[in-house]
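Okay, structure first, notes after.
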Amino acid sequence: MSTTHGAETPAASNLGAPPERFQRKYAMLSTPDPNWVRNDNFHNSFLIPYDDATEHALKHSAANGMPDIAVHPGQGKFLNLFARTIGAKRILEVGTLGGYSTIWFARAVPEDGQVVTCELLDKYAKVARDNFEYAGVSSKIKIIVGPAAETLPTLPSEEKFDLAFIDADKASNLTYFLEAKRLVKRGGVIIVDNVVRNGTVANPDIDDDNVRGVRRLLEHIKNDKEVDATTIGTVSEKGYDGFLYALYQ
């Protein structure tokens, strides 16, 4: 049995201390500063109680050979708090992976809310479904399997989303962003993850598909008068990165 958001498992309460958190092996562009890791662990120990469902999602995903590239706990909590703050009822996610961030979102929407999440690979979607079932949030989540560049255009624009979170292949950032813009309501928010990439996006000597994907997105937004946006740089146990926050005006 999983716990609800912010609650310890019965076993943890009986023991007087939560079980040890799953030790992640992040796939990162660089090794994080030990101070960043210590800082995350310190703050999380106060602000993010041990949660059986999200820990299980990490363990089950790793056991099935999935890369550890999901958001870190602090970012997951931030996404949950933000969705709750704006009263999001419908959330679009591009890039399900094992469903770690999806669980944070599903817990943020009301019982009649929905998270629509797009995943390229069926084998990853299967693992994510297992994790949703374990977390008790399956009824709030719809997984769409296939290339998001092909599946997103099939979603009707009449059913607007309050929030979109893009965390998939970076080369296709602009494609996903334009579809998200079509699907979110006016006043809705689009968040694009991993847009700093250890500072490589701003480095003229680096020119790979991921970096070009972020740069194309920034170039578009600069001239898109319907969008106002900023980039927030972050340092954490996952290293130096950041996300783009865009408001569809």
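Points to keep in mind about this one:
- Using C-alpha pairs under 8 Å with a sequence gap of at least 6, the mean separation divided by the residue count of region 102-249 gives a relative contact order of 20 percent.
- Sites matching GluC sites (Glu not before Pro) across region 48-123 that sit in DSSP coil, with at most 12 neighbouring C-beta atoms within 10 Å: GLU111
- Separation of region 36-103 and region 149-165, taken as the distance between their Cα centroids, equals 22 angstrom.
- Extension gain for THR85-ALA171 works out to 27.9 nm (0.36 nm per residue, less the C-alpha to C-alpha distance).
- Angle of helix 52-63 to the longest C-alpha principal axis of the chain, folded into 0 to 90 degrees and rounded to 10: 70°.
- Over region 43-124, the Kirkwood radius and the radius of gyration, each from Cα atoms, give a ratio Rg/Rh of 0.96.
- For the chain, alpha-carbon Rg relative to the globular expectation (2.2 N^0.38 Å, N residues): 0.99
- Folded to 0 to 90 degrees: helix 209-223 orientation relative to the chain principal axis, Cα: 60 degrees
- Sparse-neighbour loop sites [GluC sites (Glu not before Pro); region 148-246; at most 15 other C-beta within 10 Å; DSSP]: GLU158, GLU159, GLU226
- Between GLN23 and LEU47, the FRET efficiency estimated from the beta carbon spacing at R0 = 22 angstrom works out to 0.70.
- Dimensions of region 102-238 based on its C-alpha atoms, expressed as ranges along the principal axes with the largest first, amount to 46, 33, 28 Å.
- Stretchable slack from TRP36 to GLU226, in nm (0.36 nm times residue separation minus alpha-carbon distance): 64.8 nm
- Helix axis angle, 122-135 relative to the chain longest principal axis, alpha carbon, degrees: 50 degrees
- With the convex hull drawn over the C-alpha atoms of region 195-241, the volume per residue is 73 Å³.
A short reminder: the numbers here are calculations on the coordinates, not readings from a lab. Fair warning: this is a prediction, and the values are worked out from it, not measured in the lab. Quick reminder, even Gly has a Cβ in these numbers, built from the backbone with ideal geometry, and neighbours come from all protein chains shown.
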